Amino acid sequence: MSLPSFQLLRPKTLDEAVAWMARHEGEVKVVAGGTDLLPSMKQKLFTPPFVLDLRGVSELRGIRGVPGKGVEIGALTTLSAIEHSTLIRRDYPVLQQAAKTVASPVLRNMGTIGGNVCLDTRCLWYNQSLLWRKSCGFCLKKDGDLCHVAPGGMFCWATFSGDTPPALLCLGAEIAIAGPKGMRRIPLSEFYVNDGIVRLHLAPNEIVTHVRLPESSAGWRGSYQKLRVRGSIDYPLAGVAVALKLRSGRVEDARVAITAVNPAPLLVKDADAQLVGAVPGEELAARVGDLAASTAKPLTTSALTPEYRREMVRVFATRAVLACLN
Ligand SMILES: Cc1cc2nc3c(=O)[nH]c(=O)nc-3n(C[C@H](O)[C@H](O)[C@H](O)COP(=O)(O)OP(=O)(O)OC[C@H]3O[C@@H](n4cnc5c(N)ncnc54)[C@H](O)[C@@H]3O)c2cc1C
Ligand code: SF4
């Protein structure tokens, strides 16, 4: 499979990148590490006339502490850099654990946090070659007019399959976005749309520039648990992140988030209400597991059955809470 032809744009500054995006609005696809976009372009899922390579924009790279405000991670920072950062490992362990489970070491050396946060949704009927998709009559997400997963409806259930976003949601992360109207910041929890086609609150001429981890969640205990077929490389088929703050043997604050079982990564509603103030124990962990499983809505978009993936969300959420408490 070959890449479709396109013109490569290589800005050196963020201003230049934003100007290119505005000039070719709707015709540009941003590439960072390319580990997800390039295979998708080979499958002709995207055939943009222009590809904007962010890698020359050095201001988007690196991890830095901002006094009183937490830590800012540039969108171009690689997952390896996050995995090996002593700052992240010490203060935000759930993110370090999630980053180190992404794909394989080689892909983590290329793949970036910005690309992981903006990852396209995935489906067995979508991540296929043009010939394969054509032989099935395509589908709603690309070029077709029906959904093979839920044929009666007009909704796409393709699954968000990134590992770091649930960890970032647990940490209360914000993202910074640059566009023709300047910069805007939003909580990551407001960035995702639980729809396999719409996916993100990101205009086609906008670029994610940074991820901000608040100081208030520094030092929280964390655990990320992931289901995949091949432990050495695969995307998650279910994933659970838990982060919590313990004081005097009781949970003072907590968040639980899931990935790879819905079109968006989601915070588990009311998990904090179960956990905060509670005396830790197996019963409490099991209750959080039940809540997480009821938030998961897996369908036949991915390998392994939906029933098994939902059950593993329950098991992983229970294990992750216990891992944080012990
Ligand atoms: C074999 C294989 C296994 C994988 N396994 C995993 C896995 O286990 N877990 C996982 O999470 N991922 C996995 N991936 C996907 C991918 O490697 C990672 O998600 C990686 O973090 C993507 O980052 P990237 O910089 O390469 O993104 P790219 O491929 O460059 O971009 C991905 C998407 O994000 C957009 N984008 C990138 N940066 C920005 C930005 N700054 N602003 C706006 N849009 C942007 C691109 O336009 C594109 O739509 C796997 C990929 C492969 C090929
Ligand atoms: S969930 Fe349906 S519409 Fe979405 S990619 Fe899969 S088959 Fe296509």
Step through the table entries Lys44/Lys226; Lys142/Lys226; Lys226/Lys269; Lys141/Lys181, compare each Cα-Cα distance with 24 Å, and write down the pairs that go over it.
Lys44/Lys226; Lys142/Lys226; Lys141/Lys181
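Can you bin the range 1-94 into rounded, prolate or oblate? Criterion: square roots of the alpha carbon gyration tensor eigenvalues sorted a ≥ b ≥ c, rounded for a/c under 1.5, prolate for a/b above b/c, oblate for the rest. Walk me through the intermediate numbers first.
Values: a/c = 3.29, a/b = 1.74, b/c = 1.90.
Cα axes put the range 1-94 in the oblate bin.
For the range 216-288, what is the relative contact order in percent, using Cα pairs closer than 8 Å and at least 6 residues apart in sequence? Walk me through the numbers before you get to the answer.
Working: 122 pairs, mean separation 16.6, N = 73.
In percent, rounded to a whole number, it is 23.
Using helices alone, I'd like the mean residue ellipticity at 222 nm for the chain: each DSSP H run of four-plus residues gives -39500 (n - 2.57), total over residue count, nearest 500.
Values: 12 runs with 97 residues, N = 326.
Computed mean residue ellipticity for the chain: -8000 deg cm²/dmol.
Kyte-Doolittle mean at least 0.0 and Cα extent at least 18 Å along the axis: which DSSP H helices of the chain qualify?
On the way: long enough: 282-295 (20 Å, 0.15); 306-325 (29 Å, 0.21).
Flagged H segments are 282-295, 306-325.
May I ask you to give the percent of accessible area on the range 12-164 that is carbon plus sulfur, with a probe radius of 1.4 Å?
On the way: 3820 of 6680 Å².
Using a 1.4 Å probe with all protein chains present, the range 12-164 comes out at 57 percent carbon and sulfur.
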Could you work out which residue, out of Ala257, Ala81, Ala99, moves most in a Gaussian network model of the chain, that is, has the largest mean-square fluctuation with Cα springs under 10 Å?
Ala81
Could you tell me how far the Cα centroid of the range 189-264 sits from the Cα centroid of the range 98-145, in Å?
18 Å
If each of Lys42 and Asp272 carries a label point 7 Å out from its Cα toward its Cβ, how far apart are those two points in nm?
4.3 nm
Where in the range 120-162 is the amide nitrogen less than 12 Å from a point lying 7 Å along the Cα-to-Cβ axis of Ser104?
none
If we count every other residue with Cβ under 11 angstrom of Gly56's Cβ, Lys/Arg +1 and Asp/Glu -1, where does the sum land?
+1
Work out how far the C-alpha atoms of the range 137-211 reach from end to end along every principal axis, then list the three figures in whole Å, largest first.
40, 30, 15
10 Å-binned pair-distance histogram of the chain (Cα, whole percent)
6, 26, 35, 23, 8, 1, 0
Quick calc of log₁₀ I(q)/I(0), the range 78-136, Debye, one scatterer on every Cα, no solvent, q values 0.19, 0.24, 0.25, 0.29 1/Å, result -0.71, -0.92, -0.96, -1.12
Over all alpha-carbon pairs in the range 15-62, figure out the percentage whose distance exceeds 18 Å.
33 percent
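Does the range 187-326 come out rounded, prolate or oblate, given a ≥ b ≥ c as the square roots of the eigenvalues of its C-alpha gyration tensor, rounded meaning a/c under 1.5 and, failing that, prolate meaning a/b above b/c? The partial results should precede the final answer.
On the way: a/c = 1.94, a/b = 1.23, b/c = 1.58.
Here the range 187-326 falls in the oblate category.
Express the accessible area of the chain per residue in Å², computed with a 1.4 Å probe while the remaining protein chains stay in the model.
Working: 14250 Å² over 326 residues.
That works out to 44 Å² for each residue.
If we sort 112-118, 271-277 on the protection proxy, mean other Cβ atoms within 10 Å, highest first, what's the order?
Numbers: 112-118: 25.4, 271-277: 17.6.
Ranked by mean Cβ neighbours within 10 Å, highest first: 112-118, 271-277.
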Which order do the peptides 56-64, 292-300, 156-164 come out in when sorted by mean C-beta neighbours inside 10 angstrom, highest first?
156-164, 292-300, 56-64
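The values are calculated or read from the model by the stated rules, or taken from the named source; none is laboratory data. Small disclaimer: the values here were computed from a predicted structure and weren't measured. Here Cβ is always computed from backbone atoms with ideal geometry, including for glycine, and neighbour counts include all displayed protein chains. Calculation scope for accessible area: heavy atoms of the full protein, side chains included, ligands and nucleic acids excluded. Shrake-Rupley method; radii C 1.70, N 1.55, O 1.52, S 1.80 Å.
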